[in-house]
Amino acid sequence: MMLYTSAAKDRAGLGAEKGEQALASIAAATKRLPWWVGPITVTVVLTAFGVYSFYVAFFAQVSEVDGILSPFYSPQVSSPFSWLSPAVFVLWIPLGFRATCYYYRKAYYRAFFWDPPACSSKAQQREPRSPENYRGERALFVWNNIHRYFLYGSIIVVAFLWYENILTFFPEGSFGVTVGTLVLLLNNVFLSLYTFSCHSFRHLVGGNKDCYTCISGGGARRGLHNAVTRINEKGRHALWAWISLFTVLFADVYIRLLLAGVIENYRIF
């Protein structure tokens, strides 16, 4: 067991406090921007990612080099048609998970539908309907309620990503680390944080229980629920959602640059 002095604990606490202050400063600076900056930025980013994903799914070749597989194609499957990318049989799971995610629903309702565009009073004036006319998610958007099932599929996808990442630590049968290995590792860390900070996962591990002392393993369920809550609360789930979006994109672009011979996958050790 490792023991820490009070001074070490104070330094750790001070470091965490400074980190929270930095995030608070960024949030405060963001609030001083015009209200429309947020919705327009989200629209541009999600549209660009959607177009790129569509290209990867239907037109791009499989992105794999030296045993490093793009997250867009994991788990690796084969396509029954030469003209159809295998990504079609994989991407529907993570894309469905993001499209039905509670945070992303708020993001694209505001960005694409301006419903509402933001929380400020000026933004509320551009609300397309009056508050009393709100009737909840209806018609096509009722399908957002299958989010938990996309969660189950995404957990399987993340498990494959970690398995494939572990294999990249053993190029040519011996342990080694390349830049590509670390790129996939970084992506897997943030994808895992996003997936396992999900509100549905928090409900699954313990949020659906009213009394932990009344059930078998209640203490463990409560501890797991509290751990998930810590990586979910204070806007962290939204943070992981955005960071993981960019790490997935970066990993795919990195591997395509390797395939094109633009860069090399340098071995660190």
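The values are calculated or read from the model by the stated rules, or taken from the named source; none is laboratory data. This structure is a prediction, so every number in the text was calculated from the model and none was measured. Heads up, the Cβs are rebuilt from the backbone with ideal geometry, glycines too, and the neighbour counts pull from every protein chain shown.
Name every residue in the stretch 100-127 that is at pLDDT 85 or above and either at positive phi or among the β-branched types (Val, Ile, Thr) (or both), in order of residue number.
THR100
Is there a residue being in a helix (DSSP H, G or I) and touching a residue at least 60 places away in the same chain (Cβ under 8 Å) anywhere in the stretch 227-238? Quick ask: steps written out before the conclusion?
We begin by selecting, within the stretch 227-238, every residue in a helix (DSSP H, G or I); these are 227-232, 236-238.
Checking which are touching a residue at least 60 places away in the same chain (Cβ under 8 Å) leaves us with 237-238.
For the stretch 227-238, residues in a helix (DSSP H, G or I) and touching a residue at least 60 places away in the same chain (Cβ under 8 Å): present.
Going residue by residue through the stretch 193-209, is there one that turns out to be part of a loop (DSSP other than H, G, I, E, B) and within 29 Å of PHE169 (Cα to Cα)? Don't jump to the end; show me each part of the working.
Let us first name the residues in the stretch 193-209 that are part of a loop (DSSP other than H, G, I, E, B), namely 197-198, 208-209.
Now restrict to residues that are within 29 Å of PHE169 (Cα to Cα): 197-198.
Looking through the stretch 193-209, at least one residue is part of a loop (DSSP other than H, G, I, E, B) and within 29 Å of PHE169 (Cα to Cα).
Can you list the helices (runs of 4 or more DSSP H) found entirely within the stretch 45-124 that contain at least 3 residues being buried (at least 19 other Cβ atoms within 10 Å of the Cβ)? Step through it out loud before you land on a result.
Working: elements: 88-99, 102-112, 121-124.
Answer list for the stretch 45-124: 88-99, 102-112.
Could you tell me whether any residue of the stretch 248-262 is at pLDDT below 90 and touching a Ser or Thr at 6+ places or on another chain (Cβ under 8 Å)?
First, pick out the residues of the stretch 248-262 that are at pLDDT below 90: none.
No, every residue in the stretch 248-262 fails to be at pLDDT below 90 and touching a Ser or Thr at 6+ places or on another chain (Cβ under 8 Å).
Test PHE97 against the criterion of being more than 17 Å from THR43 (Cα to Cα), among the aromatic types (Phe, Trp, Tyr) and at pLDDT below 95, and give yes or no. Spell out how you get there, then give the answer.
Numbers: more than 17 Å from THR43 (Cα to Cα): yes; among the aromatic types (Phe, Trp, Tyr): yes; at pLDDT below 95: no.
So PHE97 fails the test.
When only residues in the stretch 161-192 that are in a helix (DSSP H, G or I) and among the hydroxyl-bearing types (Ser, Thr, Tyr) count, which is surrounded by the fewest Cβ atoms within 10 Å (Cβ to Cβ)? Spell out the reasoning first.
To start, the set of residues in the stretch 161-192 that are in a helix (DSSP H, G or I) comprises 161-167, 171-173, 179-192.
Adding the requirement that they be among the hydroxyl-bearing types (Ser, Thr, Tyr) leaves 163, 181, 192.
Numbers: TYR163: 11, THR181: 23, SER192: 18.
Ranking the qualifying residues of the stretch 161-192, first place goes to TYR163.
Within the stretch 34-81, which residues are within 19 Å of the chain's Cα centre (by Cα), at pLDDT 90 or above, under 27 Å from VAL177 (Cβ atoms) and of a type in the set (A, V, I, L, M)?
LEU69
Do you know which residues across the stretch 187-222 are aliphatic (A, V, I, L, M) and more than 12 Å from the chain's Cα centre (by Cα)? Lay out the reasoning, then the answer.
Applying the first criterion (aliphatic (A, V, I, L, M)) to the stretch 187-222 yields 189, 191, 193, 204-205, 215, 220.
Result: LEU204, VAL205, ILE215, ALA220.
Please name all residue pairs, on different chains or six or more residues apart, with Cβ atoms under 7 Å, provided the first residue is in the stretch 195-221 and is at positive phi and surrounded by 18 or more Cβ atoms within 10 Å (Cβ to Cβ) and the second residue is in a loop (DSSP other than H, G, I, E, B) and among the β-branched types (Val, Ile, Thr).
As it stands, the answer is none, since no pair meets every condition given.
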